[in-house]
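Following: one structure in structure tokens, then a few remarks.
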Amino acid sequence: MSTVSIHNTEHYQWGEPNAKGQRCDGWHLVKTPTLNIIQERVPQGCAEVKHYHQHAEQFFFVLEGIATIELENQLYELSPLQGLHVPAGKAHLLRNDQEQDLIFTVTSTPPSHGDKILV
């Protein structure tokens, strides 16, 4: 066992570049067959595509910035230290409409990679 941070875990990029050419970053803080905890950075103007997960439920928790999450056609704005549970089978997307980077964690159980269905 050891402590984890974005400095010593698996990193990946996702999403289309924003107007400044920036993409989103993700770091696998916990990656097991039953649980994923990822810290992500979403620059201004970046978003994921609307989708749902057949099996994975997720919990998004904002650390810095403001997240706009569309869940089943309802908008939620999450400030730092606020979270939102997304049950399996519910269409959602996350985006950053603000000027500063959005930093958050997303917890998925079971892991959501490979379980994404585009809407």
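We did not get these values from a lab; they are worked out from the coordinates using the rules stated. In this text, all values refer to a predicted model and were calculated from it rather than measured experimentally. Quick reminder, even Gly has a Cβ in these numbers, built from the backbone with ideal geometry, and neighbours come from all protein chains shown.
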Looking at the chain, how many pairs of lysines come closer than 19 Å at the Cα, when each pair is eight or more places apart or spans two chains? 4
Could you work out which residue, out of K20, K90, K31, moves most in a Gaussian network model of the chain, that is, has the largest mean-square fluctuation with Cα springs under 10 Å? K20
What is the sum of charges around R23, taking Lys and Arg as +1, Asp and Glu as -1, for the other residues whose C-beta is under 13 Å from the C-beta of R23? -3
Add +1 for every Lys or Arg and -1 for every Asp or Glu among the other residues with Cβ under 14 Å from the Cβ of G89, and state the total. 0
Across 5 Å bins from 0, what is the distribution of all Cα-Cα pair distances for the chain, in whole percents? 2, 12, 21, 26, 23, 11, 4, 1, 0
Build a GNM of the chain with springs between Cα atoms under 10 Å: which of L35, L78, L102 gets the top mean-square fluctuation? L35
